[in-house]
1. Here are some residues: 243, 210, 261. Which one is closer than 26 Å to residue 124 by Cα, within 16 Å of ligand 1 (Cβ to nearest atom) and assigned to a helix (DSSP H, G or I)?
2. Looking only at the stretch 145-172, count how many residues are over 21 Å from residue 97 (Cα atoms), hydroxyl-bearing (Ser, Thr, Tyr) and more than 12 Å from ligand 1 (Cβ to nearest atom).
3. Confirm whether residue 160 is under 20 Å from the mean Cα position of the chain (by Cα), loosely packed, with under 14 Cβ neighbours inside 10 Å and within 16 Å of ligand 2 (Cβ to nearest atom).
4. Within the stretch 110-139, count every residue that is more than 16 Å from ligand 1 (Cβ to nearest atom) and polar (S, T, N, Q).
5. Go through the stretch 121-138 and count every residue that is in a strand (DSSP E or B), under 12 Å from the mean Cα position of the chain (by Cα) and not hydroxyl-bearing (Ser, Thr, Tyr).
6. Are any residues in the stretch 108-136 closer than 17 Å to residue 24 by Cβ, of a type outside the set (Phe, Trp, Tyr) and in contact with a strand residue (DSSP E or B) (Cβ under 6 Å, 6 or more places away or on another chain), and if so, which ones?
7. In the stretch 41-65, which residue that is among the aliphatic types (A, V, I, L, M) and touching a helix residue (DSSP H, G or I) at 6+ places or on another chain (Cβ under 8 Å) is surrounded by the most Cβ atoms within 10 Å (Cβ to Cβ)?
8. Condition test on residue 181, is it more than 16 Å from ligand 2 (Cβ to nearest atom), more than 30 Å from residue 101 (Cβ to Cβ) and either surrounded by 12 or more Cβ atoms within 10 Å (Cβ to Cβ) or at pLDDT below 95 (or both)?
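The values are calculated or read from the model by the stated rules, or taken from the named source; none is laboratory data. Computed from a prediction, not measured in an experiment: that's the story for all the values here. All Cβ positions, glycine included, derive from the backbone under ideal geometry; neighbour counts span all protein chains shown.
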Amino acid sequence: MNIGIIGLGSIGQMLVKAFCKSAAVPPEKLVVFNRTREKAERLQAEYNIAIAETAQEVCDQCGVVFVCTKPLDILPLLRELSVSAQTHVVSVAAGVSIADLEGVHTGAVSKVIPTVTSQELRGVSLYACSQRLSDEQREQFLGLLSSISLAQEVSEQEIETATILTSSAPGLIAGILESFAQAAVRKTPELQIDLARRMLVETMLGTAMLLQKEQLGFDQLIERVATKGGITEEGLRVLDKTLPSGFDELFAMTESKHDLLKQLVQKQNTVE
Ligand SMILES: NC(=O)C1=CN([C@@H]2O[C@H](COP(=O)(O)OP(=O)(O)OC[C@H]3O[C@@H](n4cnc5c(N)ncnc54)[C@H](OP(=O)(O)O)[C@@H]3O)[C@@H](O)[C@H]2O)C=CC1
Ligand SMILES: O=C(O)[C@@H]1CCC=N1
């Protein structure tokens with residue numbers, strides 16, 4: 001069965017690269033379409049995937065179609081297309097619910113929140129499926145997600161907060177690391193910023209590996225690093241004072257943005 005991908009921005013491209021890297025989908029079975037054709041051609045040069053002439057052609061040729069456009073482009077696009085009830089439509093858009101998708105497609109629909117880290121076959125894909133999926137569709141879908149990531153089913157109540165932890169997090173972590181590096185250089189201008197950044201990346205990789213390989217809890221790793229009466233303890237005290245309110249605000253603001261997106265999507269349902 002062919003797998004379709006409509007929209008080749010960050011996430012659409014990640015899916016192409018990850019499915020090819022994991023060998024979950026033979027490249028010739030990946031049928032893609034992007035509004036700007038050059039992006040598809042650049043990917044085809046590297047991965048030998050098939051380029052469709054239109055989004056409709058993707059839907060006509062594929063049993064599963066990942067729609068990877070921005071949230072407000074999903075429903076108008078699906079309304080324009082004529083998609084067979086046998087086709088499983090998967091949206092990756094934040095703020096677009098299963099009910100929204102069921103309103104524009106008569107067949108099986110799912111929602112996935114992927115992560116850019118799955119280009120390295122790591123990270124978590126959050127998913128929720130409609131009741132309409134057959135056992136076979138569900139098994140195939142899980143096979144695809146599991147080939148590139150840890151596939152985690154979540155309720156639609158959980159998905160927004162979980163999105164921040166899995167999908168926004170690579171960007172947020174990069175933001176934290178940049179701030180960490182900049183502070184180091186403010187403190188000690190002799191330290192080159194690029195060296196500070198490289199040190200943090202290597203340290204982050206080592207930290208993740210240690211946590212995972214030794215199955216350490218965060219508290220256990222903290223205990224291992226923070227020598228009693230030592231330096232790290234002081235740093236942790238500062239974090240305990242400053243981070244909780246910052247993260248509370250982060251979750252409050254991202255929730256507001258999710259709510260706004262959902263309202264705009266709902267408006268598309270009523271106005272169009
Ligand atoms: N970026 C991320 O880490 C994550 C993103 N998402 C979700 O993924 C979706 C896409 O995000 P992202 O990849 O960052 O966005 P991008 O803006 O990078 O990509 C959107 C792509 O969709 C294409 N496009 C727009 N309209 C159409 C159309 N009618 N037919 C075909 N292609 C079209 C655009 O084409 P063109 O080249 O012409 O601009 C562009 O390549 C969003 O809904 C977002 O919520 C979910 C999880 C993580
Ligand atoms: O920032 C965004 O809207 C998308 C969804 C989650 C990660 N990136």
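1. None of the other options fit; the residue is 261.
2. Residues that pass the stated criteria total 2.
3. Working: under 20 Å from the mean Cα position of the chain (by Cα): yes; loosely packed, with under 14 Cβ neighbours inside 10 Å: no; within 16 Å of ligand 2 (Cβ to nearest atom): yes.
No, not satisfied.
4. Residues in the stretch 110-139 being more than 16 Å from ligand 1 (Cβ to nearest atom) and polar (S, T, N, Q): 4 in total.
5. First, the residues of the stretch 121-138 that are in a strand (DSSP E or B): 124-129.
Still in the list and also under 12 Å from the mean Cα position of the chain (by Cα): 124-127.
This time we only want the ones that are not hydroxyl-bearing (Ser, Thr, Tyr), so: 124, 126.
Of the residues in that region, 2 qualify.
6. To start, the set of residues in the stretch 108-136 that are closer than 17 Å to residue 24 by Cβ comprises 110, 112, 114-115, 117-125, 127, 136.
Still in the list and also of a type outside the set (Phe, Trp, Tyr): 110, 112, 114-115, 117-125, 136.
The answer is 110, 112, 114, 124, 125.
7. Let us first name the residues in the stretch 41-65 that are among the aliphatic types (A, V, I, L, M), namely 43, 45, 49-52, 55, 58, 64-65.
Retained after the next criterion (residues that are touching a helix residue (DSSP H, G or I) at 6+ places or on another chain (Cβ under 8 Å)): 43, 49-52, 55, 64-65.
Values: 43: 23, 49: 23, 50: 19, 51: 17, 52: 21, 55: 22, 64: 20, 65: 27.
Here the residue is 65.
8. On the way: more than 16 Å from ligand 2 (Cβ to nearest atom): yes; more than 30 Å from residue 101 (Cβ to Cβ): yes; either surrounded by 12 or more Cβ atoms within 10 Å (Cβ to Cβ) or at pLDDT below 95 (or both): yes.
For residue 181, the condition - more than 16 Å from ligand 2 (Cβ to nearest atom), more than 30 Å from residue 101 (Cβ to Cβ) and either surrounded by 12 or more Cβ atoms within 10 Å (Cβ to Cβ) or at pLDDT below 95 (or both) - is met.
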